[in-house]
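In what follows, a single structure is set out as structure tokens and then discussed.
The values are calculated or read from the model by the stated rules, or taken from the named source; none is laboratory data. Computed from a predicted model, the values in this text were never measured in an experiment. In this analysis, Cβ positions are derived from the backbone assuming ideal geometry, glycine residues included, and neighbour counts consider all displayed protein chains. Just so you know, the surface numbers come from the protein's heavy atoms only, side chains and all, with ligands and any DNA or RNA stripped out. Shrake-Rupley method; radii C 1.70, N 1.55, O 1.52, S 1.80 Å.
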Amino acid sequence: MDGSVEQTRQTYQGWDEFYNKNVDEKLAFFEVNGRLFDIIFAQQFDRPFMDYLCKIADMIRLLAQTKMGQEKLRHLLPHKRAMLYFVQPSTRTFLSFQNACYILGLSVSESRGTSTSSEVKGESSEDTIRTFASYVDLIICRHSEAGFAEKTAWVLNQTERPVPILNGGSGPDQHPTQALLDIYTLERSFQDIGGLDGKKIAMVGDLKRGRTVRSLSYLMKNYNDMTLYFVSPDIFRMKDDIKDFLKKHNIAYYETEDFESVMPLVDAIYMTRIQKEYSDDPSSEADTYPGFHFKKKHLSIIQPHCTIMHPLPRRYEIEVEVDKDPRAAYWRQERNGMWIRAALIAYVFGVEQEVSKEFL
Amino acid sequence: MDGSVEQTRQTYQGWDEFYNKNVDEKLAFFEVNGRLFDIIFAQQFDRPFMDYLCKIADMIRLLAQTKMGQEKLRHLLPHKRAMLYFVQPSTRTFLSFQNACYILGLSVSESRGTSTSSEVKGESSEDTIRTFASYVDLIICRHSEAGFAEKTAWVLNQTERPVPILNGGSGPDQHPTQALLDIYTLERSFQDIGGLDGKKIAMVGDLKRGRTVRSLSYLMKNYNDMTLYFVSPDIFRMKDDIKDFLKKHNIAYYETEDFESVMPLVDAIYMTRIQKEYSDDPSSEADTYPGFHFKKKHLSIIQPHCTIMHPLPRRYEIEVEVDKDPRAAYWRQERNGMWIRAALIAYVFGVEQEVSKEFL
Amino acid sequence: MDGSVEQTRQTYQGWDEFYNKNVDEKLAFFEVNGRLFDIIFAQQFDRPFMDYLCKIADMIRLLAQTKMGQEKLRHLLPHKRAMLYFVQPSTRTFLSFQNACYILGLSVSESRGTSTSSEVKGESSEDTIRTFASYVDLIICRHSEAGFAEKTAWVLNQTERPVPILNGGSGPDQHPTQALLDIYTLERSFQDIGGLDGKKIAMVGDLKRGRTVRSLSYLMKNYNDMTLYFVSPDIFRMKDDIKDFLKKHNIAYYETEDFESVMPLVDAIYMTRIQKEYSDDPSSEADTYPGFHFKKKHLSIIQPHCTIMHPLPRRYEIEVEVDKDPRAAYWRQERNGMWIRAALIAYVFGVEQEVSKEFL
């Protein structure tokens, strides 16, 4: 028995030691032959990668407009099988990934909800993941715990049958494919005015807890001459770690509680959900800081090219009447998630060049 | 804030105004270029449409008998993706639609159960539907609320990305594909004796609350010289709205509590579930008005060509021993649901002529 | 009403009469034209069948290594649709069957969890099964009740539309595809040393209640010169029915509580879950009879070719550190389940010869 306990402890020490390393030190562990193998952190994406992936996503979107093009796409990965392991439910991310798989022809198994039957029988989460890896070629997981996707990839990469892990959101900090679709949407919105470089972006709402605005802020270091405006109530201000990061990379940022003053200045407004700190379920707009909402009347204040984004779901942050304005990009942004995830899956299996070959 | 509240109210007024219109006035809203776009009401089906769809269903059924024919079918819509959004569970309708999709090659996503994670986060049902429409090309929905499918289609038809909505049952009144499969089954049963025109049909059971018999009664106006026999306990008699409709269209009907007296007269007997008004879960046959059941002994009373139908699931209404009689059509009727739904989906995407081309 | 009650009783008598027959007398009922139609009992498998199926599984595994080979496989059964009806949840068996279906191109519908909506409405389980059979070509079911799969097949085989039933585990005794994958794993482990004939196998843990070791013991009659070692605490000894069976077929077996004394003797060790009789959820290794666990230190005691198996999920029975030893076969064993199930499905639809044709 002593042996057992000791060895179990060693394994856990191994993980803890790895987990507590700086992200930059870990990146190589999730790569194979100079390509990303697992997609765990937004920090894995550099500028060339994001530019490349956006180009692939554009080509997939174009091919998908014809039956023949869709046929090409479905013949890229019909021999691969994916597992959607969503311990924390998320209809939007789930459907987006599932349909991205379908576009490329993958078969999909799913486990949704908080527990599998094996967990009920006392199986370790490492064994559950190895079981999934026995049957499929790709695992896309979502979990409320920070580090879940990372640990999953760490476990599998030490077995004889590692399969790529895509992080569909784990805990409060990482949701790398959301960051990708935000960048993709910004790039598309600005494609006729020089792309994302040099643009001014307002991030609005609960910046303290907002995973999407935090990730997006990190990725700004890959772009030139960016300016950020953090618009939030005082108690939801962007945390110091992000602000220190921006200072270090010479990215200009401003903080304010006056949303309307910022509106005319920016090229993009990134809205996020916001609610009173102790009100999980706001029953009225008044519970959600209406000064940080975007209303129909604001459409006359913002620039003609200003793009309005939101990771969705929304509650009261954006009035429904705004939807019909061509600058409202959030529904396109949602659909972009499917295209960029399809591009990512094609990349992970190394078939993304077959997409671009169609355009030679 | 005032603006917001006002605008929200306007939107809801728009829907309420639409919803309260007469069905006939609404039909054009669910059509595009003279073809049905959304399938919401049984009232959308006229005689030519039903005859046409039955013909397509027959051809799909025939093609599906060979591997090569099935291959043809699966290549009709492999580039399309459907969403089954079943807020009210229904194993039968769900499987029927899902396998209809598979037959035509569509990929299928599903949301079953009473709530999505986004609804938990307070998203409006309009936004949830728009999200589904972002990822798929067709939404099939089922809901316990009257008007749900209609509202869904109404919302989407005002967006940039409307996708067809198929109503898989919403609330107490509408279940248009059930009506289609009933007509299809009747037409097939009578194909050697002149089709449905001129036939006598008994409808038996809880006619007051029975959605299927109500829809079927409406559709009778498309057929010539029909006679209906409404067989029910007094408290479950067919409601006046249907009887008024039949009178207006000169369709003969009789009402009786004496099931056995009607049996020898009719060409079809449409059985439905029945239970004591305050007994949701009848634990014995006695709770379910045994005088309105079809028993093995009745097989000698009915006509040799009389067809016995039931929308299923059944409880005590039809004895299991009846199943083996060739006139028992309810299991075929159930399977007909899959074929007619496949025909409908082919029609909605405008590829149903490719099916008939196989028979030139 | 008398008629109804009487006839219902007759039907149930029919089933009870059938169910209580000896297994050998029932086998013909699940065959068509000399081939297995439904897969219900491990007793349906004889030596030629198992050898044949292992060969098919090997070929499927080999084909699956290339995109072109997988394409061949997916074109075997794309015109077939399967239903996974898992009333008792089992992530492992579910995923294994589902991905076996995907490999051969089948579409898959699923019903997981303890009840369908129709059961809620009071439908009989016979009617529910007939409904599934209306829409699909194959039903794979799992249930906590003994005899469930058997009854399902018995019901359908009396209808106009029988579809094959695969038993994915029903109750305490039968899980025939688990038995198949165990045999397949043993055969593969011993392929360079003369196959399974003549080998010594230790079965360890709760042998009294262990479904897998009981089935495997039965199948030993198909192999020559086998020796079994039953290693368990006294209260979990193998039951007399199995021991009588082994005696009848002249298969040598020994019983012991001394696991370590057996380790150096055997060619395979089949570990199973074990826990104190009244502790459903062991919270520590001490609750699980540590003397019947396999630990890292034991790797030096067993033979160089000894294969270590476990049906999974495991709890404390095998130390995680053992996983990296090449003799640890349980993860391969799990994946073998997918290959042998794909072979079985190909066999059931009579296309397994198309697999072997690829190797001519």
* Structure fact -> Among A:PHE294, A:PHE259, the single one that is within 11 Å of chain B (Cβ to nearest Cβ), in contact with a helix residue (DSSP H, G or I) (Cβ under 7 Å, 6 or more places away or on another chain), surrounded by 12 or more Cβ atoms within 10 Å (Cβ to Cβ) and touching a residue at least 12 places away in the same chain (Cβ under 8 Å) is A:PHE294
* Would a scan of the range B:313-326 turn up a residue that is without any contact (Cβ under 8 Å) to a residue 12 or more places away in the chain, closer than 19 Å to B:ASP182 by Cα and in a loop (DSSP other than H, G, I, E, B)? -> yes
* Residue, farthest from A:GLU255 (Cα to Cα), within the range A:162-189, restricted to residues that are in contact (Cβ under 8 Å) with a residue 60 or more places away in the chain and open to solvent by 40 Å² or more (accessible area, probe 1.4 Å) -> A:PRO162
* Asked: Which of the residues that make up the range C:200-254 are assigned to a loop (DSSP other than H, G, I, E, B), surrounded by 20 or more Cβ atoms within 10 Å (Cβ to Cβ) and not hydrophobic (A, V, I, L, M, F, W, C)?
  -> C:GLY205, C:ASP206, C:GLY210, C:SER232
* To do: Tell me, please, whether a residue that is out of contact with any His (no Cβ under 6 Å at 6 or more places or on another chain) and over 27 Å from C:ALA146 (Cα atoms) can be found in the range C:209-220.
  => no
* **Pair list, Cβ under 7 Å, 6 or more apart: the range B:126-147 residue under 8 Å from B:MET83 (Cβ atoms), other residue part of a loop (DSSP other than H, G, I, E, B) and charged (D, E, K, R)** => B:LEU138/B:LYS80
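Quick grid of which residues meet (1) among the β-branched types (Val, Ile, Thr); (2) more than 22 Å from the chain's Cα centre (by Cα); (3) more than 9 Å from every other protein chain (Cβ to nearest Cβ):
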residue	(1), (2), (3)
B:HIS310	no, no, yes
B:ARG314	no, no, no
B:TRP331	no, no, no
B:ARG335	no, no, no
B:ARG341	no, no, yes
B:LEU344	no, no, yes
B:TYR347	no, no, yes
B:GLN353	no, yes, yes
B:SER356	no, yes, yes
* Looking at (1) under 30 Å from B:SER217 (Cα atoms); (2) at pLDDT below 95, find the lone condition where B:ILE140 falls short. => (2)
* Before we move on, is C:ASP192 under 22 Å from C:ARG335 (Cα atoms), surrounded by fewer than 17 Cβ atoms within 10 Å (Cβ to Cβ) and free of Cβ contacts under 8 Å to residues at least 24 places away in the same chain? -> yes
* **Residue check, C:ARG273 within 14 Å of chain A (Cβ to nearest Cβ), over 20 Å from C:TYR52 (Cα atoms) and in contact (Cβ under 8 Å) with a residue 40 or more places away in the chain** => yes
* If you go through the range C:269-281 one residue at a time, do you hit one that is among the polar types (S, T, N, Q), at pLDDT below 95 and either within 19 Å of the chain's Cα centre (by Cα) or assigned to a helix (DSSP H, G or I) (or both)? -> no
* To do: Specify the residue that is least open to solvent (accessible area, probe 1.4 Å); the eligible residues are those in the range B:326-360 that are hydroxyl-bearing (Ser, Thr, Tyr) and farther than 18 Å from B:SER189 by Cα.
  => B:TYR347
* Structure fact -> Of the residues in the range B:316-328, those that are among the aliphatic types (A, V, I, L, M) and either more than 10 Å from chain C (Cβ to nearest Cβ) or within 24 Å of the chain's Cα centre (by Cα) (or both) come to B:ILE318, B:ALA328
* Asked: Do you know which residues across the range C:340-360 are farther than 30 Å from C:LYS295 by Cβ, in a helix (DSSP H, G or I) and at pLDDT 95 or above?
  -> C:ARG341, C:ALA342, C:ALA343, C:LEU344, C:ILE345, C:ALA346, C:TYR347, C:VAL348, C:GLU352, C:GLN353, C:GLU354, C:VAL355
